[in-house]
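Taking it in order: structure first as structure tokens, then the write-up.
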Amino acid sequence: MLEDKHNIKAWFYLAPAMVLLIIFTFYPIVNAFFLAFLKDFNYLQGTWQGFTLTENFRFVFSNPNFRDAMLNTFIITFVSVPLAVVIALLVSVWLNSVLKLRGFFQTIFFLPYVTNAIAIGMAFAFLFNRNFGLVNLMLSWVGISPINWVGLGASWGWAMVAFLVFTTWSSLAFRIMVFLSGLQNIDKQYYDAARVDSTRRYRIFRRITVPLLSPMIFYITITSFIGAFKTYTEVVGMFGLRLGPPGNDRAMITIVALVYDALDRSGVTGALSEAAAAALILFGITLFFTLVNMQVSKKRVHY
């Protein structure tokens, strides 16, 4: 009887969160699956011509921007995520060893997490300006000519390099915060024993820090991959709604941008189903690499 009362209380406390999850998370996911298989769905009239398994997905695959969106999304994910995880881990280890001004440095590295992504993107676009950007100024100090990173006629390659620098830097804050919390929970006796044996710092890092932080590293890697596959706001912040440097519009388009493109045409017959199909393709890609990461983690993560 007492256990039943505790269960009722638990469900009572969980009810508000469950209601919000059902309305704003579960229902949209189920609805997206439903819309992706409707034929000639008209959002304004609420009508469709039956169901189809492949038609909406063919529309997505035949989109002239689909190949570029896939390429950009994969480059952003598989370059910025590993870089950000490694840099965040090294920075957090350094911060954990700093005694003086630790709070100051932690605040500096945490600032991007509480700053709007659009604002940061605009700031980085200014930093990479060809004529008066700080990056080209620093390059000139070592005799390198100014590079057209994000200006009129900038190439896809230089724009991608600038964007990867931006996404890597802007994603460090949360990762550093998580790694720091993990480092501060590691029992100091492991490090004391290693110092008694005169173990080198690199071996301490590789044999003690990384294995004991492996659950955190796994968590950060999984969430980072999921977040990187959904990249869109950062592109808008740095390049605007043209999704690329002036004169090279849509050069930095991502899969999520394809979804928004279709949503902008939601009044057109079939456009909303095309957006749902693109979202399902992204969901499938994300799920696949999440499962791969989980399989790899079974041998690498130590709880």
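Considering only the stretch 163-184, I want to know if a residue exists there that is closer than 18 Å to Asn248 by Cβ and either polar (S, T, N, Q) or free of Cβ contacts under 8 Å to residues at least 40 places away in the same chain (or both). Within the stretch 163-184, none of the residues are closer than 18 Å to Asn248 by Cβ and either polar (S, T, N, Q) or free of Cβ contacts under 8 Å to residues at least 40 places away in the same chain (or both). Going by the conditions given, is Ala228 part of a helix (DSSP H, G or I), modelled with pLDDT of 85 or more, in contact with a Ser or Thr (Cβ under 7 Å, 6 or more places away or on another chain) and of a type outside the set (Lys, Arg)? Taking the combined requirement at face value, the residue satisfies it. One residue stands out in the stretch 80-120 among those that are modelled with pLDDT of 90 or more and over 21 Å from Ser181 (Cβ atoms): the one that is least open to solvent (accessible area, probe 1.4 Å), namely Ser80.
Residues that are among the β-branched types (Val, Ile, Thr) and either part of a helix (DSSP H, G or I) or surrounded by 19 or more Cβ atoms within 10 Å (Cβ to Cβ) (or both) within the stretch 139-161 comprise Val150, Val161, listed in sequence order. Can you confirm whether the stretch 130-138 contains a residue that is open to solvent by less than 80 Å² (accessible area, probe 1.4 Å) and touching a Leu at 6+ places or on another chain (Cβ under 7 Å)? The answer is yes; a qualifying residue exists. With respect to Ile253, determine if the residue is open to solvent by less than 50 Å² (accessible area, probe 1.4 Å), touching a residue at least 60 places away in the same chain (Cβ under 8 Å) and either in contact with a strand residue (DSSP E or B) (Cβ under 8 Å, 6 or more places away or on another chain) or farther than 28 Å from Trp149 by Cβ (or both). Taking the combined requirement at face value, the residue does not satisfy it. Just wondering, is there one or more residues in the stretch 88-102 that are outside any helix (DSSP H, G or I), of a type in the set (Lys, Arg) and touching a strand residue (DSSP E or B) at 6+ places or on another chain (Cβ under 9 Å)? Within the stretch 88-102 (the criterion being outside any helix (DSSP H, G or I), of a type in the set (Lys, Arg) and touching a strand residue (DSSP E or B) at 6+ places or on another chain (Cβ under 9 Å)), the answer is no, since none of the residues qualifies. Scanning the stretch 68-79 for residues that are open to solvent by 10 Å² or more (accessible area, probe 1.4 Å) and either under 18 Å from Arg250 (Cα atoms) or in contact (Cβ under 8 Å) with a residue 60 or more places away in the chain (or both) yields Asp68, Met70, Leu71, Phe74, Ile75, Val79.
Close contacts from the stretch 283-294, counting a first residue that is within 18 Å of Leu258 (Cβ to Cβ) and a second that is among the β-branched types (Val, Ile, Thr) and surrounded by 15 or more Cβ atoms within 10 Å (Cβ to Cβ), with Cβ to Cβ under 7 Å and a gap of 6+ residues or different chains, come to Thr286/Ile226. Candidates are the residues of the stretch 202-235 that are farther than 19 Å from Val81 by Cα and touching a residue at least 60 places away in the same chain (Cβ under 8 Å); the one that is most open to solvent (accessible area, probe 1.4 Å) is Leu212. Scanning the stretch 162-201 for residues that are under 16 Å from the mean Cα position of the chain (by Cα), aromatic (Phe, Trp, Tyr) and open to solvent by 30 Å² or more (accessible area, probe 1.4 Å) gives Trp169, Phe174. Here Leu263, Leu280 are screened, and the one residue that is open to solvent by 20 Å² or more (accessible area, probe 1.4 Å) and over 28 Å from Pro82 (Cα atoms) is Leu263.
The values are calculated or read from the model by the stated rules, or taken from the named source; none is laboratory data. All values reported here derive from a predicted model rather than from experimental measurement. Virtual Cβ from ideal backbone geometry, glycine too; neighbours counted across all protein chains shown. These accessible areas exclude ligands, DNA and RNA; they are computed on the full protein's heavy atoms, side chains included. Shrake-Rupley method; radii C 1.70, N 1.55, O 1.52, S 1.80 Å.
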